[in-house]
Amino acid sequence: MELKLDGIGKRYGKHRALQNVSLIFHPGIYGLIGPNGAGKSTMMNIIAGILKQTEGKVLLDGQEAGKLGKRYRARLGYLPQAVGFYPNFTAVQFLRYMAQIQEMEGTAVIEQRISELLEMVNLSTHANQKIGGFSGGMKQRLGIAQALLHDPDIVIFDEPTAGLDPMERIRFRNLVTRIAVNKIVILATHIVSDVQNLADELLIMQKGSVICRGTIPECLEIVNGRIYSVHIPESELLTFCEQYRVTQIDAKGEDSVVRIVTDEPPKGAMLLESPNLEDLYLYFFGIQQQNGTSEEL
Ligand code: ADP
Ligand code: MG
């Protein structure tokens, strides 16, 4: 199986949200990271066939997704960044409805699958409760179940951990690992820790372009030799932090150990560190948006 984006561009009026994106996906877990506004959702929507690109093609095994139509959609599962739910449906009713939309067949098969998925996302005990009363995390988990309903070959998750608590995040990671076999799984997120130790490959997006692509170690090469930890006395801490991209501060008595990413290391005592994903993200974007809440939902 091969999913190919060939020179994809997208304009909203004069604004170019995507520029000449060419990528090839094979089965595996892909982490698409970048700050808000980078173009991740636009790309996910185009792959999902919900948004039409201005330029380029989406090809599944050499055939244009648009022309495959239903045959393409049948192989695709999608968790959009903002899921529209029906508050008066129960979880089960919603999944039945989604099964119908996806033209799944066989009542027994569907019921079996629904109960399997509710188990998988830890919603079995809420199966017959109305979605209107669900928390953000519960809705998100139902959205994840919905995306996997028809056991798709290609799974797209857009900001899947939005609204999930730390425990739910761990469960989500385990679920992704479990379901990913022989599938193309694309996970778009602005939170680096969502893809750490999970993605086989990273795609880093900035302003509508993919600026880095490779395995995590390959991408980390970019900042290799640029990460330092420096001892800074309390009195100089503020000034120092204003001058560098700081990825971590450890207070150690009088001094603080400050981890920075920089092309030009400061003079004085310091230690070269091996890079991690947070460092890489900071190197590109200056700031890591830590919040995992659903500010855009
Ligand atoms: P991300 O998912 O990485 O946060 P998006 O794909 O949502 O990024 O947005 C990429 C850019 O396109 C942003 O600058 C955003 O403001 C713009 N954009 C997204 N959707 C629309 C739209 N429907 N109309 C106009 N501009 C849009
Ligand atoms: Mg988005």
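Worth pointing out:
- The orientation-averaged projection of the convex hull spanning the C-alpha atoms of segment 197-255 amounts to 5.8 square nanometres.
- Sequence-distant lysines (8 or more away, or on other chains) whose Cα lies within less than 26 Å of residue 207: 4, 10, 14, 40, 52, 57
- Value at 222 nm in deg cm²/dmol, rounded to 500, when DSSP H runs of n ≥ 4 in the chain each add -39,500 (n - 2.57): -8500 deg cm²/dmol
- Backbone amide hydrogens, once placed in the peptide plane, bring residue 203 within less than 5 Å of 31, 32, 33, excluding anything fewer than 5 places away on its chain.
- With Cα atoms as the point set, the radius of gyration and Dmax of segment 78-137 evaluate to 11.4, 31 Å.
- Under conditions of 37 °C and 0.692 mPa s, the chain yields 158 µm² s⁻¹ as its translational diffusion coefficient, taking Rh as the Kirkwood radius over Cα pairs in the Stokes-Einstein equation.
- Length, then width, then depth: along the principal axes, the Cα atoms of segment 139-206 run 31, 26, 20 Å.
- For segment 173-186, the Karplus equation 6.51 cos²θ - 1.76 cosθ + 1.60, evaluated at θ = phi - 60°, returns couplings of 4, 4, 4, 4, 4, 5, 8, 6, 4, 6, 10, 8, 10, 10 Hz by residue, with Gly and Pro reported as x.
- For residue 252, the lysines whose Cα comes closer than 30 Å to its Cα, not counting residues fewer than 8 places off in the same chain, are 267.
- Cross-link partners of residue 70 among aspartates and glutamates (Cα-Cα below 16 Å; sequence separation of 8 or more within a chain): 61, 103, 105, 151, 153
- Antiparallel beta bridges, as assigned by DSSP with both residues in the chain, represent about 65 percent of the total such bridges.
- Alpha-carbon radius of gyration plus Dmax, which is the widest Cα pair, for segment 147-289 in Å: 18.1, 59
- Panel values: segment 126-173, Kirkwood radius from alpha carbon pairs, Stokes-Einstein at 37 °C and 0.692 mPa s, translational diffusion coefficient 284 µm²/s.
- Using the Cα coordinates of segment 227-290, the gyration tensor eigenvalues translate into equivalent-ellipsoid semi-axes of 19, 13, 11 Å, sorted from longest to shortest.
- Percent of C-alpha pairs per 10 Å bin, segment 19-152, short to long: 11, 37, 32, 18, 2
- For residue 18, nonlocal amide neighbours, meaning residues 5 or more places apart or on other chains whose placed amide H falls under 5 Å from its own, are 10.
Since every read-out is calculated from the coordinates, none of them should be taken as a lab result. These figures come from a predicted structure and were not determined experimentally.
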